[in-house]
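Colleague: First the structure, which I've put down as structure tokens, then a few questions once you've had a look.
The values are calculated or read from the model by the stated rules, or taken from the named source; none is laboratory data. It should be emphasised that the depicted structure is a prediction, and the values quoted were computed from it without experimental measurement. Methodologically, a virtual Cβ is constructed for each residue, glycine included, from the backbone with ideal geometry; neighbour enumeration extends over all protein chains shown.
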Amino acid sequence: MLSLVALGVLAGLLTSVSPCVLPLLPVIFFAGSPVAMPGPDAAGSDAVGGGPAPERRSRARPAAIIAGLVVSFSLITLTGSLMLSALGLPADVLRWAGLVVLVLVGMSLLVPRVEELVQRPFARFARNRRGALGGNGFVLGLGLGTLYVPCAGPVLAAIAVAGATGRIGGQTVVLSLAFAVGAAIPLFFFAAAGQAIGRRLAGYRRRARAFRVTGGVLMIGLAVALAFGLTDAVQRSLPDYTAALQTTVEDNPSAREVLAALKSAPQVALDVCPAGQLTPADCGPAPALAGISHWFNTQDNRPLSLDELRGKVVIVDFWTYSCINCQRAVPHVQAWYSAYESAGLQVVGVHTPEFAFEKEQDNVAEGVADQHVTYPVAMDNAGRTWTNYHNRYWPALYLIDAQGIVRHVRFGEGGYDDTESLIRQLLVAADPTVELPARIEG
């Protein structure tokens, strides 16, 4: 159990400083400041009789924001899909609720009347001393938790898929809590830094106002950017500076053993298949494509099976449209499909969602169109195909030969030149007379 907790905390620490969460860091920084705090805390005096002192409330605010974010993110990751399904609500309703909270808090920093309206429910909390939780900080944290979309390694993938499939055991809950604690630590320091700077500015009216306006504009701007996917281009342009360390921490033999204990499925050849091998491996027969709820880019959206693709070289590519690592890998997969389809290559993109909002068919359709994907894409909302492959990464590529045997596995980004070499080898092995186009990579 100790190793499970340690793995979860370390994975959370790394994930919370990855490129995927950078858009939220400035918001957390400004939100932690007492200057950027709508309600009694910002006024510098306790306007509500019997409530906790404003100094105490403001000191609690960074912790309250991060506590709200951790609670929200953990509950949504583990039970969000099941809860929304039981209530009959759209899968992306929580994400839109988080965007609304972000806009409201941003507007309250810019418009005094909005601030007045937003502070009223928290004034009631202050009367019975629950305001010591940090005023509206906890609620803001709950909203931010719905927008917290970190880069997923094997640990977060195990948690997310367990939640999506309903296989939530005690060890999964422990891992989720440990991951959340690890993620909270760096985020708390961002919020505390904003608080410290805000305190220094509190005595300077004009500077304090400028700080509030900056925070308000940033929150509203981020909400708009997230709603329209405008942050993706910025994130794609950044190097994945945590990838190597994340792999070291989460994908070593000890970590794989810990995560394997969460699954009841027996070990298969794919579990021990050497990822990234430069020569064709024998990783056993390719598992079936199962539990697919919808297909894109097939004739009349009809389903495909690996049996009917026998004789072709097939790439099964696990991805999800909001995953930044996937967005950087998809163009390479699409280029191979465009170049080698006529030579006998078939690509099947398996869209297994990491978060609830990625289960919405319209959202996936928009992601497929925005990323110019023309090969067939299967919506694996229940995670059955993911489970069949014992997969643990987004993105993950499985290269299958014409006889249906998995010959190459690649987790994460990179290795494109090596993968293309193997594609070409398998195409020639399937048909020695085939004429291959010029290489795409290298």
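Colleague: Specify which of the listed residues (GLY215, GLY182, GLY163, GLY198) is under 17 Å from VAL9 (Cβ atoms) and either touching a residue at least 40 places away in the same chain (Cβ under 8 Å) or among the acidic types (Asp, Glu) (or both).
Modeller: GLY182
Residues checked against (1) of a type in the set (Asp, Glu); (2) part of a strand (DSSP E or B); (3) over 14 Å from GLY349 (Cα atoms):
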position	(1), (2), (3)
THR374	no, no, no
TRP386	no, no, no
LEU399	no, yes, no
VAL406	no, yes, yes
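Colleague: Residue under question is HIS372, and the condition is that it be surrounded by 22 or more Cβ atoms within 10 Å (Cβ to Cβ) and modelled with pLDDT of 95 or more; does it hold?
Modeller: So HIS372 fails the test.
Colleague: What is the number of the single condition among (1) of a type in the set (Phe, Trp, Tyr); (2) within 24 Å of GLY311 (Cα to Cα); (3) surrounded by 23 or more Cβ atoms within 10 Å (Cβ to Cβ) that TRP394 does not meet?
Modeller: Here TRP394 clears every test but (2).
Colleague: If you don't mind, there's one more thing I want to ask. Which numbered condition in (1) aliphatic (A, V, I, L, M); (2) at pLDDT below 75; (3) buried (at least 23 other Cβ atoms within 10 Å of the Cβ) is the only one that ALA47 fails?
Modeller: Here ALA47 clears every test but (3).
Colleague: So, of the residues in region 408-442 that are in a helix (DSSP H, G or I) and among the hydroxyl-bearing types (Ser, Thr, Tyr), which turns out to be farthest from GLY311 (Cα to Cα)?
Modeller: So the residue we want is TYR416.
Colleague: While we're on this one: Restrict the check to region 233-255 and report whether at least one residue is under 17 Å from LEU22 (Cα atoms) and either of a type in the set (Phe, Trp, Tyr) or in contact with a Phe, Trp or Tyr (Cβ under 9 Å, 6 or more places away or on another chain) (or both).
Modeller: Yes, region 233-255 has at least one match.
Colleague: Contact list please: Cβ distance under 6 Å, first residue in region 58-77 and in the same structural domain as LEU177 (by TED's automatic domain parsing), second residue among the acidic types (Asp, Glu), pairs at least six apart or on different chains.
Modeller: Here the result reads SER58/ASP41, each pair linking region 58-77 to a residue that is among the acidic types (Asp, Glu).
Colleague: Could you check, for region 205-228, whether at least one of its residues is at pLDDT 85 or above and more than 21 Å from LEU109 (Cα to Cα)?
Modeller: Yes, that holds for at least one residue.
Colleague: For region 195-206, state whether one or more residues are small (Gly, Ala, Ser), touching a helix residue (DSSP H, G or I) at 6+ places or on another chain (Cβ under 9 Å) and not assigned by TED's automatic domain parsing to the domain that holds LEU309.
Modeller: yes
Colleague: Additional query: Please indicate, with yes or no, whether at least one residue in region 349-357 is part of a loop (DSSP other than H, G, I, E, B), modelled with pLDDT under 95 and of a type in the set (D, E, K, R).
Modeller: The answer is yes, given that some residue of region 349-357 is part of a loop (DSSP other than H, G, I, E, B), modelled with pLDDT under 95 and of a type in the set (D, E, K, R).
Colleague: Moving on. Looking at (1) surrounded by fewer than 18 Cβ atoms within 10 Å (Cβ to Cβ); (2) in contact (Cβ under 8 Å) with a residue 24 or more places away in the chain; (3) of a type outside the set (Phe, Trp, Tyr), find the lone condition where VAL313 falls short.
Modeller: (1)
Colleague: Tell me, yes or no, whether region 367-378 has at least one residue that is within 28 Å of ALA260 (Cα to Cα), of a type in the set (Phe, Trp, Tyr) and assigned by TED's automatic domain parsing to the domain that holds GLU308.
Modeller: The answer is no, given that none of the residues of region 367-378 is within 28 Å of ALA260 (Cα to Cα), of a type in the set (Phe, Trp, Tyr) and assigned by TED's automatic domain parsing to the domain that holds GLU308.
Colleague: Report, by residue number, each residue of region 78-95 that is part of a helix (DSSP H, G or I) and free of Cβ contacts under 8 Å to residues at least 24 places away in the same chain.
Modeller: Passing the criteria: MET83, SER85, ALA86, LEU87, VAL93.
Colleague: Also, quick follow-up: Please find, among LEU187, LEU201, LEU177, the residue that is crowded, with 23+ Cβ neighbours inside 10 Å and of a type in the set (A, V, I, L, M, F, W, C).
Modeller: LEU187
Colleague: Same structure, new question: Find the residue count for region 276-290, including only residues that are surrounded by fewer than 18 Cβ atoms within 10 Å (Cβ to Cβ), among the small types (Gly, Ala, Ser) and either within 29 Å of the chain's Cα centre (by Cα) or outside any loop (DSSP other than H, G, I, E, B) (or both).
Modeller: Total satisfying the criteria: 3.
Colleague: Is there a residue in region 129-151 that is farther than 16 Å from SER16 by Cα, among the basic types (Lys, Arg) and either assigned by TED's automatic domain parsing to the domain that holds ALA275 or modelled with pLDDT of 70 or more (or both)?
Modeller: No, every residue in region 129-151 fails to be farther than 16 Å from SER16 by Cα, among the basic types (Lys, Arg) and either assigned by TED's automatic domain parsing to the domain that holds ALA275 or modelled with pLDDT of 70 or more (or both).
Colleague: Taking the residues in region 220-266 that are assigned to a helix (DSSP H, G or I), polar (S, T, N, Q) and surrounded by fewer than 14 Cβ atoms within 10 Å (Cβ to Cβ) as candidates, determine which candidate is farthest from the chain's Cα centre (by Cα).
Modeller: SER254
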